[in-house]
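Peer 1: Please see the structure below; I have some questions.
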Amino acid sequence: MQTLATNTIHVPRQRGRKAAASCALAALVSLTVGSSAAFGQDTAPANAPPPGLPLPKGLDWKFNFDAALGGFGFANSLYTNPKPEEPSGDLSDNWFEGSLKPAVTGVYTTSSTAQFYGKLSAVGERTYGAAPSLVGGDESSFGLEDLYVGWRSGDSLGLGKDALDFTIGRAPYAIGHQMLIGDGAAEGGSRGGYWSNARKAFEWAAIGRLKAGNHLFEGFYLDKDDLPEANSSTKLWGANYQYAIGEDTTLGASYLKFSADPNRAPQRDGLSVYDVRAFTAPFSRMKGLSFEAEYALEDNGNALDSTAWNFLAGYQMEGGWKPKISYRYAIFEGDNPATAKNEAFDGLLTGFYDWGTWWQGEIAGEYFVSNSNLISHQLRVHLKPKESVGMGFILYDFVLDKPASAGVTSNAVAKELDWYMDWSFNDNFTVSFVLAYADPGAAVQQSSGRTDSFFYGMVYAAYKY
């Protein structure tokens with residue numbers, strides 16, 4: 001028998017959050033000093049070589065620097081309202097996170113157009129301001145992030161541009177929309193940066209890619225970079241295949257084989273995962289109509305026998321503000337207490353692809369539910385008032401798949417409404433805002449007695465160079 005909390009609380013953090021941004025660089029540096037950290041992808045412009053240090057012919061390099069600062073605030077945190085010094089009252093948890101990430105990438109192009117490449121980066125991040133224990137408290141860390149080398153074929157093999165590509169070292173890797181594989185590192189706890197998630201790279205990765213026309217074949221070995229205090233020793237190898245039909249449809253299938261510490265993650269040690277997915281806009285006369293679907297099967301005998309699937313339909317309109325409306329249904333199976341098998345889906349190494357994917361809900365998915373024993377209905381409206389601004393509303397209805405495994409009789413977890421906005425001032429600065437409200441359902445009330453509605457706000461600023 002499991003409680004609602006054990007089905008929903010998920011710490012440590014492992015997520016890929018979209019860059020958001022903007023604040024003076026000096027303020028970011030001063031607020032994160034002593035624990036440098038980072039945020040962002042490899043999109044910064046290349047620097048010219050230092051004066052007096054000409055580079056060998058064919059060698060190019062880039063220097064990137066990312067910095068971020070976020071402020072987060074709860075009201076009626078986690079549906080409860082006690083204060084430590086009082087029997088009851090309104091508990092408001094507020095904290096800050098900062099991160100810095102310097103990085104250097106290099107590419108050497110041979111006379112045959114094949115390329116050798118590599119990247120070195122470090123991440124420092126800090127959580128401070130009396131953060132709640134859920135996000136790991138006030139902590140900071142600094143350490144190596146990317147450290148990998150690779151080779152890609154260019155046009156040297158006559159099989160198409162970069163038909164072969166091999167990478168080895170500390171590197172990121174993701175599959176599809178990152179429902180299963182998207183984030184190679186855990187956050188929060190002793191590292192800080194629970195929400196910011198400046199780290200993405202696996203502790204060790206070996207990735208091979210073969211591109212042949214519209215076909216992509218990948219083989220990989222990955223070792224997750226866990227928190228020291230919660231090391232599950234999760235490792236996996238597998239294969240991924242994708243087929244692109246024109247510009248509007250991508251089909252994919254993956255096989256994953258896991259190993260893990262049997263004492264910390266027994267359901268994952270020996271686990272096989274089968275995944276198929278499709279992302280398509282199939283009608284040439286209705287380009288705005290799109291569909292997404294994914295199905296995953298987890299098989300590890302009695303230790304784990306579970307499924308998850310989702311379906312999304314969306315329509316992109318023309319005209320002012322370019323509204324896009326979508327509905328998504330997702331189910332992640334829960335355990336049936338009446339059987340000897342464990343049917344509670346393991347969310348594995350979920351990453352951030354877009355708002356609500358696959359961290360579902362800026363309150364629920366960020367802080368108290370995981371992708372297990374969960375059914376979600378998501379209705380989303382996304383708007384683009386101008387090129388530099390994207391915003392939207394997301395309405396969720398969260399339901400338990402198996403209430404009995406959470407020790408309750410009701411399946412109603414919560415209803416949640418999120419508003420978000422991303423505002424890019426220029427190529428370097430972006431700022432994101434979130435306001436969210438959630439109302440607890442009967443399952444939460446039965447499990448914890450918590451009845452107060454939950455309010456949440458966030459401002460997150462990022463600089464990219």
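Peer 1: Inside the stretch 208-264, can you point out the residues that are small (G, A, S), buried (at least 18 other Cβ atoms within 10 Å of the Cβ) and in a strand (DSSP E or B)?
Peer 2: If the condition is that a residue be small (G, A, S), buried (at least 18 other Cβ atoms within 10 Å of the Cβ) and in a strand (DSSP E or B), then G238, G252, S254 are the ones that fit.
Peer 1: What number of residues within the stretch 305-321 are open to solvent by less than 30 Å² (accessible area, probe 1.4 Å), under 10 Å from A293 (Cβ atoms) and not aliphatic (A, V, I, L, M)?
Peer 2: Here is the first cut: in the stretch 305-321, the residues open to solvent by less than 30 Å² (accessible area, probe 1.4 Å) are 306, 308, 310, 312, 314.
After this cut, where a residue has to be under 10 Å from A293 (Cβ atoms) as well, the list is 310, 312.
Going one step further and asking which of them are not aliphatic (A, V, I, L, M), we end up with 310.
Counting residues in the stretch 305-321 that are open to solvent by less than 30 Å² (accessible area, probe 1.4 Å), under 10 Å from A293 (Cβ atoms) and not aliphatic (A, V, I, L, M) gives 1.
Peer 1: In the list A442, A414, A436, A404, which residue meets the criterion of being open to solvent by 30 Å² or more (accessible area, probe 1.4 Å) and closer than 18 Å to I363 by Cβ? Walk me through it before giving the result.
Peer 2: On the way: A414 fails: open to solvent by 30 Å² or more (accessible area, probe 1.4 Å); A436 fails: open to solvent by 30 Å² or more (accessible area, probe 1.4 Å); A404 fails: closer than 18 Å to I363 by Cβ.
Answer to the selection: A442.
Peer 1: Would you mind telling me which numbered condition in (1) at negative phi; (2) part of a loop (DSSP other than H, G, I, E, B); (3) touching a strand residue (DSSP E or B) at 6+ places or on another chain (Cβ under 8 Å) N197 fails?
Peer 2: Looking at each condition in turn, N197 falls short on (1).
Peer 1: Any idea which of F202, F116 is among the aromatic types (F, W, Y) and either over 25 Å from D275 (Cβ atoms) or not in a loop (DSSP other than H, G, I, E, B) (or both)? Spell out the reasoning first.
Peer 2: Working: F202 fails: either over 25 Å from D275 (Cβ atoms) or not in a loop (DSSP other than H, G, I, E, B) (or both).
One residue alone meets the criteria, F116.
Peer 1: Which residue, of F352, F393, is part of a loop (DSSP other than H, G, I, E, B) and open to solvent by 10 Å² or more (accessible area, probe 1.4 Å)? Steps first, please.
Peer 2: Values: F393 fails: part of a loop (DSSP other than H, G, I, E, B).
Checking each option against the conditions leaves just F352.
Peer 1: Which one of these does T110 not meet: (1) open to solvent by 30 Å² or more (accessible area, probe 1.4 Å); (2) in contact with a Phe, Trp or Tyr (Cβ under 7 Å, 6 or more places away or on another chain)?
Peer 2: The failed condition is (2).
Peer 1: Checking the condition of a type outside the set (S, T, Y) and touching a Lys or Arg at 6+ places or on another chain (Cβ under 8 Å), which residue from N197, N214 passes? If you could, list the steps in order and put the result at the bottom.
Peer 2: On the way: N214 fails: touching a Lys or Arg at 6+ places or on another chain (Cβ under 8 Å).
Answer to the check: N197.
Peer 1: Considering (1) over 22 Å from the mean Cα position of the chain (by Cα); (2) buried (at least 21 other Cβ atoms within 10 Å of the Cβ); (3) closer than 29 Å to F454 by Cβ, say which one T357 fails and leave the rest.
Peer 2: Of (1) over 22 Å from the mean Cα position of the chain (by Cα); (2) buried (at least 21 other Cβ atoms within 10 Å of the Cβ); (3) closer than 29 Å to F454 by Cβ, only one is false for T357: (1).
Peer 1: Identify, from the list Y456, Y420, Y460, the residue that is open to solvent by less than 40 Å² (accessible area, probe 1.4 Å) and out of contact with any helix residue (DSSP H, G or I) (no Cβ under 9 Å at 6 or more places or on another chain).
Peer 2: Y460 is the lone residue from the list that is open to solvent by less than 40 Å² (accessible area, probe 1.4 Å) and out of contact with any helix residue (DSSP H, G or I) (no Cβ under 9 Å at 6 or more places or on another chain).
Peer 1: Could you tell me how many of the residues in the stretch 265-304 are hydroxyl-bearing (S, T, Y), open to solvent by 40 Å² or more (accessible area, probe 1.4 Å) and farther than 29 Å from K322 by Cβ?
Peer 2: Going through the stretch 265-304 one residue at a time, the tally reaches 2.
The values are calculated or read from the model by the stated rules, or taken from the named source; none is laboratory data. Fair warning: this is a prediction, and the values are worked out from it, not measured in the lab. Don't worry about glycine lacking a Cβ; one is built from the backbone with ideal geometry, like all the others, and counts go over all protein chains shown. Ligands, DNA and RNA are excluded from the accessible area calculation, which covers all protein heavy atoms including side chains. Shrake-Rupley method; radii C 1.70, N 1.55, O 1.52, S 1.80 Å.
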